[in-house]
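The values are calculated or read from the model by the stated rules, or taken from the named source; none is laboratory data. As the structure is a computational prediction, the values presented were derived from the model and not from experiment. Heads up, the Cβs are rebuilt from the backbone with ideal geometry, glycines too, and the neighbour counts pull from every protein chain shown. Note: accessible area is taken over every heavy atom of the protein model, side chains too, but ligands, DNA and RNA are not part of it. Shrake-Rupley method; radii C 1.70, N 1.55, O 1.52, S 1.80 Å.
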Amino acid sequence: MRIVEDSAGRRTAVPCVCRAQRRTRRVLNLARIPRRYEHCTLDSFEPNFGEGSHRSLSTALKNARKFVDGYPLMNDGSGLLLTGAIGVGKTHLAVGILQALVDERGATGLFYDYRELLKQVQNSYNPRVAATELEVLAPVFDAEVLVLDEIGASKPTDWVWDTVAHILNTRYNDKRTTIITTNYANLPPLGMAVGDENQRPARALREETLGDRIGERMRSRLQEMCIVVEMQGEDFRQKVKKASFS
């Protein structure tokens, strides 16, 4: 606490700024943000990194800031679905939103790589592992804000679809905020595409979609629970941050 004096000369004790800073650090330490992304904030997001930048990146940043500023009253449990090709900054933006929600809005949250989460759930079936499936998923269900990175990245199977449905439906019903990134186009499965029977199959015409990877029912559910933010542009990692010998 610290002592402050108002215009009338009255002295009162108020919480010190350092107290809020310690709370923010503690919550972020528990959020499981990978070290590679710990530096990612909305302020450090670069929508105009070169000639390959796309105006959708500036729009995405504005939408991210609007989302944070309106949390939680204007969101009412709604989340964000960040779509786009590899390297356009989806994970950076998602982590930046999470950090801003913790720092500015007093939220708590959790980051999970989609593939890692599925592996942890699958590993819980091993009789030598103490954790049960429910114990693995409980923090995911209960997180005030969940960042689920690269949804659709694991090979689609019935088990994967059932697990994704369990996670998304639980959070949807509980009106919890979910921020999702995906490299796949927000479109129905390829098999649902309508084409002339004399043409090549739809699968030969375009790449797999989000509907292919998580199932159309869950893709449809995401449209209800998330605002879709499309991000376009060149691969930032290839253009700007190539690894090299010093």
Worksheet item: Do you know which of the residues in the stretch 131-143 that are in a helix (DSSP H, G or I) and modelled with pLDDT of 95 or more is nearest to the chain's Cα centre (by Cα)?
Response: V140
Worksheet item: What single numbered condition from (1) open to solvent by less than 60 Å² (accessible area, probe 1.4 Å); (2) out of contact with any Asp or Glu (no Cβ under 9 Å at 6 or more places or on another chain); (3) at pLDDT 90 or above; (4) not small (G, A, S) fails to hold for L30?
Response: (1)
Worksheet item: So how many residues does the stretch 63-94 have that are of a type in the set (D, E, K, R) and within 12 Å of the chain's Cα centre (by Cα)?
Response: 1
Response to the item:
The residue that is farthest from T182 (Cα to Cα), considering only those in the stretch 120-131 that are surrounded by 12 or more Cβ atoms within 10 Å (Cβ to Cβ) and not aliphatic (A, V, I, L, M), is S124
Practice prompt. Of all residues in the stretch 154-175, count the ones that are farther than 24 Å from Q99 by Cα and either under 14 Å from the mean Cα position of the chain (by Cα) or not in a helix (DSSP H, G or I) (or both).
Written response: 4
Worksheet item: In the stretch 65-80, how many residues are in contact with a Ser or Thr (Cβ under 7 Å, 6 or more places away or on another chain) and either modelled with pLDDT of 95 or more or outside any loop (DSSP other than H, G, I, E, B) (or both)?
Response: 1
Discussion item. Just the residues that are of a type in the set (A, V, I, L, M, F, W, C) and touching a Lys or Arg at 6+ places or on another chain (Cβ under 8 Å), please, taken from the stretch 101-139.
Written reply: L110, F111
Worksheet item: Does the stretch 35-46 contain any residue that is basic (K, R), within 23 Å of L117 (Cβ to Cβ) and under 14 Å from the mean Cα position of the chain (by Cα)?
Response: no
Discussion item. Tell me yes or no: at least one residue of the stretch 144-156 is modelled with pLDDT of 95 or more, crowded, with 18+ Cβ neighbours inside 10 Å and out of contact with any helix residue (DSSP H, G or I) (no Cβ under 7 Å at 6 or more places or on another chain).
Written reply: no
Item to complete: Return yes when T24 is hydroxyl-bearing (S, T, Y), under 35 Å from the mean Cα position of the chain (by Cα) and open to solvent by less than 80 Å² (accessible area, probe 1.4 Å) and no when it is not.
Response: yes
Worksheet item: Out of all the residues in the stretch 50-57, is one or more open to solvent by less than 40 Å² (accessible area, probe 1.4 Å) and hydrophobic (A, V, I, L, M, F, W, C)?
Response: yes
Fill in: Which listed residue is within 17 Å of V228 (Cβ to Cβ) and open to solvent by 10 Å² or more (accessible area, probe 1.4 Å), from L61, L110
L61
Worksheet item: Looking at the stretch 168-187, which of its residues are open to solvent by less than 10 Å² (accessible area, probe 1.4 Å) and among the hydrophobic types (A, V, I, L, M, F, W, C)?
Response: L168, I179, I180
Worksheet, complete the sentence: Screening R115, R128 for residues that are within 15 Å of the chain's Cα centre (by Cα), more than 24 Å from P72 (Cβ to Cβ) and among the basic types (K, R) leaves only R115
